[in-house]
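Asker: Provided herewith is a single structure, encoded as structure tokens, for subsequent inquiry.
The values are calculated or read from the model by the stated rules, or taken from the named source; none is laboratory data. Since we're looking at a predicted model, the values are computed, not measured. Here the Cβ is made from the backbone with ideal geometry for all residues, glycine too, and neighbour counts use every protein chain on show.
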């Protein structure tokens, strides 16, 4: 897998993406003047706008287990902790996992936000309120080689991960053993396949959704598909604006 995620600039960019307020992310920009900037709460949206929440009662929430694969710096993991009693959050980047653990400990994170050229601003980020950080276990791991003793989960969440794997089928083939019958799988991907991450022979020949159907239909049923926007700041005059095809599957 690509090791670019250990870069400090990338780390700061992802921390801002996950934990920055709209004002912190958009400061200095006029791109969204006069209109709502969609996609500024993407990690939360992959939980609350994707999950079939009506499947869970208040009693269920006291016992639910979640697995957040490709958790990055942990925002979606904390959102899952509002719903689940246990969240195991896994990422391949040591820098991302260490940052998530610092946020979990309630430390204010100071990051550099890039504004223009060599100009940058130091801003403070905090763990979101009303989450249950003690319910989250962050660990270093490879989505294609997850440890054998994870057990089964009520929710498996994988956001913007699939098209960054060198062998995505290895991850997909493991999923039936990870999701309990009746449990949910949230698979969000911008479908930006690139040989930088995935050799051409391991990429889908057709659409990503068809690829998922081929590998998941025996064990899962597709329940919902939504397009969730996300915005990542490069600097005050440049933003990455994308959508992530988010499909929700229920284990048969």
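Asker: Within the range 112-134, which residues are surrounded by 15 or more Cβ atoms within 10 Å (Cβ to Cβ) and in contact (Cβ under 8 Å) with a residue 60 or more places away in the chain?
Answerer: Residues satisfying the conditions are 112, 113, 114, 115, 123, 125, 127, 128.
Asker: Going through the range 30-53 one residue at a time, which ones are out of contact with any strand residue (DSSP E or B) (no Cβ under 7 Å at 6 or more places or on another chain) and modelled with pLDDT under 90?
Answerer: Across the range 30-53, the qualifying residues are 30, 32, 33, 34, 35, 36.
Asker: Please list, ordered by residue number, the strands (runs of 3 or more DSSP E) wholly in the range 136-213 having 2 or more residues that are surrounded by fewer than 20 Cβ atoms within 10 Å (Cβ to Cβ) and either at negative phi or within 16 Å of the chain's Cα centre (by Cα) (or both). Step through it out loud before you land on a result.
Answerer: On the way: elements: 136-140, 153-159, 179-189.
Output list reads 136-140, 179-189.
Asker: Just to be sure I understand the filter: pairs with C-beta atoms under 7 Å, separated by 6 or more residues or on different chains, first member in the range 24-36 and on the phi > 0 side of the Ramachandran plot, second member modelled with pLDDT of 90 or more and part of a loop (DSSP other than H, G, I, E, B). Which pairs pass?
Answerer: Qualifying pairs under 7 Å: 28/236.
Asker: Do the conditions hold for residue 72, that is, is it buried (at least 18 other Cβ atoms within 10 Å of the Cβ), modelled with pLDDT of 95 or more and closer than 14 Å to residue 186 by Cα? First the steps, then the outcome.
Answerer: Numbers: buried (at least 18 other Cβ atoms within 10 Å of the Cβ): yes; modelled with pLDDT of 95 or more: yes; closer than 14 Å to residue 186 by Cα: no.
For residue 72, the condition - buried (at least 18 other Cβ atoms within 10 Å of the Cβ), modelled with pLDDT of 95 or more and closer than 14 Å to residue 186 by Cα - is not met.
Asker: Turning to a different aspect of this structure: What number of residues within the range 55-111 satisfy the criterion of being at positive phi and either without any contact (Cβ under 8 Å) to a residue 40 or more places away in the chain or assigned to a helix (DSSP H, G or I) (or both)? Step through it out loud before you land on a result.
Answerer: Applying the first criterion (at positive phi) to the range 55-111 yields 70, 72, 74, 106.
From what's left, either without any contact (Cβ under 8 Å) to a residue 40 or more places away in the chain or assigned to a helix (DSSP H, G or I) (or both): 106.
The qualifying residues number 1.
Asker: What about residue 5, is it at pLDDT below 90, closer than 30 Å to residue 202 by Cβ and surrounded by 14 or more Cβ atoms within 10 Å (Cβ to Cβ)? Even if it seems obvious, please write down each step before you answer.
Answerer: Working: at pLDDT below 90: yes; closer than 30 Å to residue 202 by Cβ: yes; surrounded by 14 or more Cβ atoms within 10 Å (Cβ to Cβ): yes.
Judged against the criteria, residue 5 is a match.
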